[in-house]
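The values are calculated or read from the model by the stated rules, or taken from the named source; none is laboratory data. Keep in mind it's a predicted model, so treat the numbers as computed, not measured. Quick reminder, even Gly has a Cβ in these numbers, built from the backbone with ideal geometry, and neighbours come from all protein chains shown.
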Amino acid sequence: DAKTTQPPSMDCAEGRAANLPCNHSTISGNEYVYWYRQIHSQGPQYIIHGLKNNETNEMASLIITEDRKSSTLILPHATLRDTAVYYCIVRLLYNQGGKLIFGQGTELSVKP
Amino acid sequence: DGGITQSPKYLFRKEGQNVTLSCEQNLNHDAMYWYRQDPGQGLRLIYYSQIVNDFQKGDIAEGYSVSREKKESFPLTVTSAQKNPTAFYLCASSVDRLEAFFGQGTRLTVV
């Protein structure tokens, strides 16, 4: 039941920006877009989330299109430690169960 | 420090046995979740709970059971009815529309 679509894998050169796309064409007005990443055999780590405006924190930037049907996570200067699986998630409304549904994610490989 | 704790980190079970995985949080979060992850795969939702004494099935609830008697605790029992229980199990908690926090997982192996 995942509501997001991501490419299965991407490569990025160390020091360059990594741009990870996500499609969420059925998103509704009050649903947020969240990004997590998972390094092998660890619990997922929260990165950033947004509703309609672009967001930035110390880890990344999130760009959401005006129609909210897609978004892009930007890691501005990727390092080898950013190699992980990145999950884009649409958070259902609390009164719909508040489920966090994960898709298959994008496996990002940062190469020297 | 506030956080979410799963125990044990590794668990071995004989076929036909029930086993319970622990998940505790001291973040005062209302919602808690259990996920299963198989090698090379994404996370699949087993059960979730929004409030004490209430929980809902996720996508793969068959062979699992949960309870939510206390806000801070959401144990998962893997029953003998789960035919392929070997997997990595993750617990998470969250407040509505804020980020979820994940535990470090329990790796269950059937021997």
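If A:V110 passes every condition in (1) crowded, with 20+ Cβ neighbours inside 10 Å; (2) more than 30 Å from B:I46 (Cβ to Cβ); (3) within 15 Å of the chain's Cα centre (by Cα) but one, which one does it miss?
Exception for A:V110: condition (3).
Quick check, is A:A18 farther than 15 Å from A:Y87 by Cα and modelled with pLDDT of 95 or more?
no
For segment B:25-43, give me the residue count where each residue is part of a loop (DSSP other than H, G, I, E, B) and either under 23 Å from A:V85 (Cα atoms) or within 11 Å of the chain's Cα centre (by Cα) (or both).
5
Matching residues to (1) within 12 Å of another protein chain (Cβ to nearest Cβ); (2) hydrophobic (A, V, I, L, M, F, W, C); (3) in contact with a Leu (Cβ under 7 Å, 6 or more places away or on another chain):
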{"position": "A:S28", "(1), (2), (3)": "no, no, no"}
{"position": "A:Y32", "(1), (2), (3)": "yes, no, yes"}
{"position": "A:N54", "(1), (2), (3)": "no, no, yes"}
{"position": "A:N57", "(1), (2), (3)": "yes, no, no"}
{"position": "A:A60", "(1), (2), (3)": "no, yes, yes"}
{"position": "A:I63", "(1), (2), (3)": "no, yes, no"}
{"position": "A:S71", "(1), (2), (3)": "no, no, yes"}
{"position": "A:R81", "(1), (2), (3)": "no, no, no"}
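Would you point out the residue of segment B:8-24, among those that are of a type in the set (S, T, Y) and surrounded by 13 or more Cβ atoms within 10 Å (Cβ to Cβ), that is farthest from the chain's Cα centre (by Cα)? Talk me through it step by step, then tell me what you get.
So the first thing to find is which residues in segment B:8-24 are of a type in the set (S, T, Y), and the list is B:10, B:20, B:22.
Narrowing the set further to residues that are surrounded by 13 or more Cβ atoms within 10 Å (Cβ to Cβ) leaves B:20, B:22.
Details: B:T20: 9, B:S22: 7 Å.
Selected residue: B:T20.
Here is a check on your reading of the model: is A:I47 in a strand (DSSP E or B), within 10 Å of another protein chain (Cβ to nearest Cβ) and in contact (Cβ under 8 Å) with a residue 60 or more places away in the chain?
Considered against the rule, which asks whether it is in a strand (DSSP E or B), within 10 Å of another protein chain (Cβ to nearest Cβ) and in contact (Cβ under 8 Å) with a residue 60 or more places away in the chain, A:I47 comes out as no.
Taking only segment A:21-32 into account, find how many residues are at pLDDT 95 or above and either over 21 Å from A:S61 (Cβ atoms) or more than 13 Å from the chain's Cα centre (by Cα) (or both).
So the answer is 0.
Among (1) modelled with pLDDT under 95; (2) surrounded by fewer than 21 Cβ atoms within 10 Å (Cβ to Cβ), there is one condition B:E62 misses while meeting the rest; what is its number?
Single failed check for B:E62: (1).
Quick grid of which residues meet (1) within 13 Å of chain B (Cβ to nearest Cβ); (2) in a strand (DSSP E or B):
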residue	(1), (2)
A:G15	no, no
A:N19	no, yes
A:Y36	yes, yes
A:L108	no, yes
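Looking only at segment A:1-42, how many residues end up being crowded, with 16+ Cβ neighbours inside 10 Å and within 20 Å of A:T79 (Cα to Cα)? If you could, list the steps in order and put the result at the bottom.
Residues of segment A:1-42 crowded, with 16+ Cβ neighbours inside 10 Å: A:2-4, A:6, A:10, A:12, A:18, A:20, A:22-24, A:27, A:31-38.
With the extra rule that they be within 20 Å of A:T79 (Cα to Cα), the set shrinks to A:10, A:12, A:18, A:20, A:35-38.
Qualifying residue count, segment A:1-42: 8.
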